[in-house]
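Asks: My questions all concern the structure below.
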Amino acid sequence: QSLSCPGVPPAGVLATGTHNRSLVLAQPRAGAGGAEDLDGLARLVVQAYTAVNIAPACGQIPEVLGPGHVFRVFSGELKQGEQAAELSWFQEQAEFRELTLKAFRFAFKVTVDCIAMTEDASALEYSELDVALQELDCDWHLGEENSASWQAAMEKRVPNLMALRRSGTSDIQVLRHTLREDGVRVGELKSEVVQSIWASESLELRYLTNDDDERYSIQAHPTLLRNMIVQSAEYPIF
């Protein structure tokens with residue numbers, strides 16, 4: 001997918017702002033394998049990682065942000081550290097921002113699956129990762145619960161939906177919905193059947209002096225739905 005983001009620094013120095021805690025890559029020596037060797041996509045990846053994980057941490061390692069940071073980014077909330085030039089630029093790039101959030105959510109889902117299977121996500125073969133990402137792209141919607149995109153995914157009958165939900169002040173839950181067919185049975189009763197059940201009810205209530213219309217003998221019949229038919233009879237019948 002072609003993506004054009006104005007303001008992406010050219011190869012050489014990745015100027016990510018003048019903030020004194022911003023991530024700035026020094027000018028590499030020729031052939032040193034630095035920023036000058038990065039193509040456009042690689043530079044976009046660096047910019048995205050800086051905006052999502054470095055700017056909110058104010059120069060510290062992203063791990064200090066804790067699980068709440070994962071929840072916020074997964075839900076598309078990127079206000080923490082928004083004064084940083086990197087994040088300000090990132091918020092202006094709507095298409096790039098959505099693709100970055102999508103990549104973050106995909107990475108989270110793959111990591112959760114690996115943890116559940118007691119596997120190391122970093123040890124995945126590229127072929128395995130490709131299969132997992134293809135499945136996520138085709139059969140999953142990951143995002144904020146009850147958002148417009150969530151509703152659109154439900155209308156499109158996307159097979160799987162996943163979101164994060166905060167429970168209390170510190171607990172974060174993974175919410176997952178799976179689309180399944182809900183089978184129902186449709187039946188038809190002839191009018192004679194209904195009338196015969198009403199007649200039987202009338203016999204018990206009128207002539208057998210039984211005024212309990214909740215009596216089991218009146219209601220019981222699993223196939224003919226006798227309980228519903230009895231309740232639909234016009235009252236009073238005695």
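Asks: In the same structural domain as L78 (by the TED database), acidic (D, E) and over 24 Å from N53 (Cβ atoms): does that describe E128?
Replies: Numbers: in the same structural domain as L78 (by the TED database): yes; acidic (D, E): yes; over 24 Å from N53 (Cβ atoms): yes.
So E128 passes the test.
Asks: Does G68 count as at pLDDT 85 or above and either touching a helix residue (DSSP H, G or I) at 6+ places or on another chain (Cβ under 6 Å) or crowded, with 17+ Cβ neighbours inside 10 Å (or both)? Break it down into steps so the answer makes sense when it comes.
Replies: Numbers: at pLDDT 85 or above: yes; either touching a helix residue (DSSP H, G or I) at 6+ places or on another chain (Cβ under 6 Å) or crowded, with 17+ Cβ neighbours inside 10 Å (or both): no.
Here the answer is no, as G68 does not meet what is asked.
Asks: If I go through region 72-92 residue by residue, how many of them are on the phi < 0 side of the Ramachandran plot, within 17 Å of the chain's Cα centre (by Cα) and surrounded by 15 or more Cβ atoms within 10 Å (Cβ to Cβ)? Before you say what the answer is, go through the steps one by one.
Replies: First, the residues of region 72-92 that are on the phi < 0 side of the Ramachandran plot: 72-75, 77-80, 82-92.
Pick out the ones that are also within 17 Å of the chain's Cα centre (by Cα) and you get 72-75, 77.
Restricting the remaining residues to those that are surrounded by 15 or more Cβ atoms within 10 Å (Cβ to Cβ) gives 72-75.
Qualifying residue count, region 72-92: 4.
Asks: Name the residue, out of A233, A199, that is over 51 Å from the mean Cα position of the chain (by Cα), at pLDDT 80 or above, aliphatic (A, V, I, L, M) and over 30 Å from G68 (Cβ atoms).
Replies: On the way: A233 fails: over 51 Å from the mean Cα position of the chain (by Cα).
Among A233, A199, only A199 is over 51 Å from the mean Cα position of the chain (by Cα), at pLDDT 80 or above, aliphatic (A, V, I, L, M) and over 30 Å from G68 (Cβ atoms).
Asks: Does region 93-101 contain any residue that is at pLDDT 90 or above, in contact with a strand residue (DSSP E or B) (Cβ under 6 Å, 6 or more places away or on another chain), assigned to a helix (DSSP H, G or I) and surrounded by 18 or more Cβ atoms within 10 Å (Cβ to Cβ)?
Replies: No: region 93-101 contains no residue that is at pLDDT 90 or above, in contact with a strand residue (DSSP E or B) (Cβ under 6 Å, 6 or more places away or on another chain), assigned to a helix (DSSP H, G or I) and surrounded by 18 or more Cβ atoms within 10 Å (Cβ to Cβ).
Asks: Within region 145-167, does at least one residue satisfy the condition of being under 17 Å from H69 (Cα atoms) and free of Cβ contacts under 8 Å to residues at least 12 places away in the same chain?
Replies: yes
Asks: Given the condition under 25 Å from H177 (Cβ atoms) and of a type in the set (F, W, Y), answer yes or no: does some residue in region 99-107 qualify?
Replies: Residues of region 99-107 that are under 25 Å from H177 (Cβ atoms), as a first pass: 99-107.
When the remaining residues are screened for being of a type in the set (F, W, Y), the result is 104, 106.
Yes, because at least one residue in region 99-107 is under 25 Å from H177 (Cβ atoms) and of a type in the set (F, W, Y).
Asks: A further question follows. Among the listed residues A51, A57, identify the single one that is more than 27 Å from R176 (Cβ to Cβ), in the same structural domain as V158 (by the TED database), out of contact with any strand residue (DSSP E or B) (no Cβ under 7 Å at 6 or more places or on another chain) and assigned to a helix (DSSP H, G or I).
Replies: Numbers: A57 fails: assigned to a helix (DSSP H, G or I).
The conditions single out A51.
The values are calculated or read from the model by the stated rules, or taken from the named source; none is laboratory data. Here the structure is a predicted model, which is why all the values come from computation and not from measurement. Every residue, glycine among them, receives a Cβ derived from its backbone with ideal geometry; neighbour counts consider all protein chains shown.
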